[in-house]
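Here's the structure, in structure tokens; my notes come after.
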Amino acid sequence: MSPTGSAIVIGSRSTVSVIGFRVLRELGIKVPLVITGDEDPGADDWRLSLAKAARDAGYRDNQTLLVCNNPHRPEILEKIRAASADIILSLQWRRILRPPLLQMAKNGTVNLHNAPLPLLRGCDPFSWAIHDGLEWMGVTLHQVIDEGIDSGPVLSQRLWEMNHATTAWQLYLDSLRESEKLMRDTLSGILSGQTLPRAQDQRYASYHPMGQFRFKDLGADWNLPAVTLSAALRSRIFPPFQLPFSSIKGKRFHILGCQTSGLKGRPGVVLSTNPLTIGTSRAGLEIISVRWNDQDLSGVEFAASAKINPGDIAGN
């Protein structure tokens, strides 16, 4: 192994893929080959494009940059083998990787997963972390030794505390920051063999497959208990794709932030406008921030602008 080591990056159109690619290069770790999914348009939007980042760094299509939907094709496997890397680093690749690809680097394949493994294996961890009532979120680098989903031995992990107002969007942004720290602090040790893997404790494992989370349930149901409604809304707050919503006096607003409140009142009734609080079947729900008329406002600002008053009724 060279003094700095080498890693093949298999990623996608995702900001964390670009972060990982840049961290490797900044650490002096060679990246002889970059593979990204064919859903990557080669341009940045709310996510960064790995294809664009690689091209900007001088990587050439069909040579050192491969854009494909199946890295298991013989011609791609041959390029992976020829690169003779120390590890393959999987960064948000959206399909299952399997042998022989997994064993083609000298020290195997390492995956970054946005969850505190063994909790939240599988899909949509930001939403499930809130739905499942986790108090701590995390990001994990783990070995991929077979086709099991996020089940390989853990190499390194970072955890951070969640609170009663955390949203799925906030967890996504947190994960970018914490993933960069994790990779910057531990990739060199992983490549040098100084970081020893530890088996996941199966007693604490949880798994959510693709399509299990019901993202389309976006209307606020004020007949739910406040703690249940808060989790339902916060787990669906992800502005690039969707926002939960409600309406008061016929004025629809989208919810950017909320938390349970000690106020009590009838479900769907505005209990206070400072802070903006609406009754549920148990306690109240404070609306911290909203998007209304293409503006992001605090709940208090929205109540004043929309002329909301205590006693008004919220619905969908």
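The values are calculated or read from the model by the stated rules, or taken from the named source; none is laboratory data. Every value quoted in this text rests on a predicted model; they were computed, and no experiment measured them. Cβ placement follows ideal geometry from the backbone for every residue including glycine, while neighbour counts extend to all protein chains displayed. Quick note on the areas: whole protein, heavy atoms, side chains included, nothing else; ligands and nucleic acids left out. Shrake-Rupley method; radii C 1.70, N 1.55, O 1.52, S 1.80 Å.
What to note about this one:
- Residues of segment 150-190 satisfying the condition of being closer than 25 Å to Leu102 by Cβ and surrounded by fewer than 17 Cβ atoms within 10 Å (Cβ to Cβ): Pro153, Arg184, Asp185, Gly189
- Considering the conditions (1) at pLDDT 95 or above; (2) open to solvent by less than 60 Å² (accessible area, probe 1.4 Å), Glu135 is excluded by exactly one of them, (2).
- Qualifying residue in segment 53-76 (condition: closer than 30 Å to Trp160 by Cα, in contact with a helix residue (DSSP H, G or I) (Cβ under 8 Å, 6 or more places away or on another chain) and open to solvent by less than 30 Å² (accessible area, probe 1.4 Å)): yes
- Strands (runs of 3 or more DSSP E) fully within segment 226-316 counting 1 or more residues that are touching a residue at least 60 places away in the same chain (Cβ under 8 Å): 245-248, 251-261, 284-292
- The residues on offer are Leu159, Leu187, Leu176, Leu119, and the sole one that is touching a helix residue (DSSP H, G or I) at 6+ places or on another chain (Cβ under 9 Å), of a type in the set (A, V, I, L, M) and part of a strand (DSSP E or B) is Leu159.
- Scan of segment 189-199 for residues that are in contact with a Leu (Cβ under 6 Å, 6 or more places away or on another chain) and either without any contact (Cβ under 8 Å) to a residue 40 or more places away in the chain or not β-branched (Val, Ile, Thr) (or both), ordered by number: Pro197
- Selection from segment 78-106 of residues that are of a type in the set (S, T, N, Q) and either more than 24 Å from Gly138 (Cα to Cα) or out of contact with any strand residue (DSSP E or B) (no Cβ under 9 Å at 6 or more places or on another chain) (or both): Ser84, Gln103
- Considering residues of segment 195-207 that are assigned to a loop (DSSP other than H, G, I, E, B) and over 14 Å from Gln143 (Cα atoms) only, the residue nearest to the chain's Cα centre (by Cα): Ser206
- Reported count of residues in segment 155-168, each being under 13 Å from Asn114 (Cα atoms) and within 13 Å of the chain's Cα centre (by Cα), is 1.
- Screening Gln170 against (1) polar (S, T, N, Q); (2) part of a helix (DSSP H, G or I); (3) modelled with pLDDT under 95 leaves a single unmet condition, (3).
- Scanning segment 249-271 for residues that are open to solvent by 70 Å² or more (accessible area, probe 1.4 Å) and under 15 Å from Ala306 (Cβ atoms), we see that the one that is nearest to the chain's Cα centre (by Cα) is Arg252.
- Flag for Arg98 being open to solvent by 50 Å² or more (accessible area, probe 1.4 Å) and modelled with pLDDT of 95 or more: yes
- Here segment 208-225 is the region considered, the condition is being closer than 21 Å to Arg94 by Cα and in a loop (DSSP other than H, G, I, E, B), and the residue that is least open to solvent (accessible area, probe 1.4 Å) is Phe213.
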